[in-house]
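Student: Could you have a look at this structure, given as structure tokens, before my questions?
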Amino acid sequence: MAALWVLVLVTAELGLTRASPVPTSKPATTRSGCNFSRFKSLSPRELAAFKKAKDAWENSLENWNCSSRLFPRTRDLKQLQVWERPIALEAELALTLKVLGTMADSSLGDILDQPLHTLHHIHSELWACILAQPTAGTRPRGRLHHWLHRLQEAPEKESQGCLKASVMFNLFRLLKKDLECVASRDLCV
């Protein structure tokens, strides 16, 4: 239950950012109000906005040295049960939004407007899907618990530079692989 409250607080905190253009992913609803399958792939325009932000960030990089990987290559949402995948993705999105939000106050602000808005939209849709699941409120265990704990502790354990680097280098994996896996539900193999 504590993990659920953490997610609620993070969601509320992240919902207080500035507005920008509406994402181009076509909205669709189902009787249950949860149709996350529309995020199987983002539009070329949305992906280009993310690439522009990532390239601008990489051009502004200074020397940094990170000893650990927040998002290890061996981490794969396919290793989780279908109902756990949206929860893991939501935590990953929440951390990404928090980190990118701090970067929006820098010279990257205008470049990050569209990607942040798109991520907020995806995050809010995903949150609605999690709450609609019959397993909502179930205490995470095993691998999911480990992943959520690692993401929750990252802001305190990692330097800001390493946190930004981890999030930016994981961005396209999140958008292409993880998002597609959750949107595909049980077809993610």
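The values are calculated or read from the model by the stated rules, or taken from the named source; none is laboratory data. Given the structure is predicted, the values throughout are model-derived calculations rather than measurements. Cβ sites come from the backbone with ideal geometry, for glycine too, and all protein chains shown count toward neighbours.
Student: Can you pull out every residue in the range 91-104 that is small (Gly, Ala, Ser) and assigned to a helix (DSSP H, G or I)? Full working, then the answer.
Tutor: First, pick out the residues of the range 91-104 that are small (Gly, Ala, Ser): 91, 94, 101, 104.
Listed by number, the residues that qualify are Ala91, Ala94, Gly101.
Student: Criterion first (modelled with pLDDT of 85 or more, farther than 16 Å from Leu93 by Cβ and either out of contact with any Leu (no Cβ under 8 Å at 6 or more places or on another chain) or not in a helix (DSSP H, G or I) (or both)) does Asp113 satisfy it? Working first, answer last.
Tutor: On the way: modelled with pLDDT of 85 or more: yes; farther than 16 Å from Leu93 by Cβ: yes; either out of contact with any Leu (no Cβ under 8 Å at 6 or more places or on another chain) or not in a helix (DSSP H, G or I) (or both): yes.
Spelling it out, Asp113 is indeed modelled with pLDDT of 85 or more, farther than 16 Å from Leu93 by Cβ and either out of contact with any Leu (no Cβ under 8 Å at 6 or more places or on another chain) or not in a helix (DSSP H, G or I) (or both).
Student: Now for a separate question. Please identify the pairs in which a residue from the range 64-82 that is in contact (Cβ under 8 Å) with a residue 40 or more places away in the chain has its Cβ atom under 6 Å from the Cβ atom of a residue that is part of a loop (DSSP other than H, G, I, E, B), counting only partners at least 6 apart or on another chain.
Tutor: Here the result reads Lys78/Cys188, each pair linking the range 64-82 to a residue that is part of a loop (DSSP other than H, G, I, E, B).
Student: Does Pro115 fit the bill of being crowded, with 19+ Cβ neighbours inside 10 Å and either aromatic (Phe, Trp, Tyr) or closer than 26 Å to Lys54 by Cβ (or both)?
Tutor: Yes: the conditions hold for Pro115.
Student: Looking for whichever is modelled with pLDDT of 90 or more and closer than 21 Å to Cys188 by Cβ here; the options are Ala91, Ala48, Ala128. Which one fits?
Tutor: Selected residue: Ala91, the only one of Ala91, Ala48, Ala128 that is modelled with pLDDT of 90 or more and closer than 21 Å to Cys188 by Cβ.
Residue-by-condition table, conditions (1) in a loop (DSSP other than H, G, I, E, B); (2) among the aromatic types (Phe, Trp, Tyr); (3) surrounded by 14 or more Cβ atoms within 10 Å (Cβ to Cβ):
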residue	(1), (2), (3)
Ser67	yes, no, no
Arg75	yes, no, yes
Trp83	yes, yes, yes
Leu89	no, no, yes
Ser106	yes, no, no
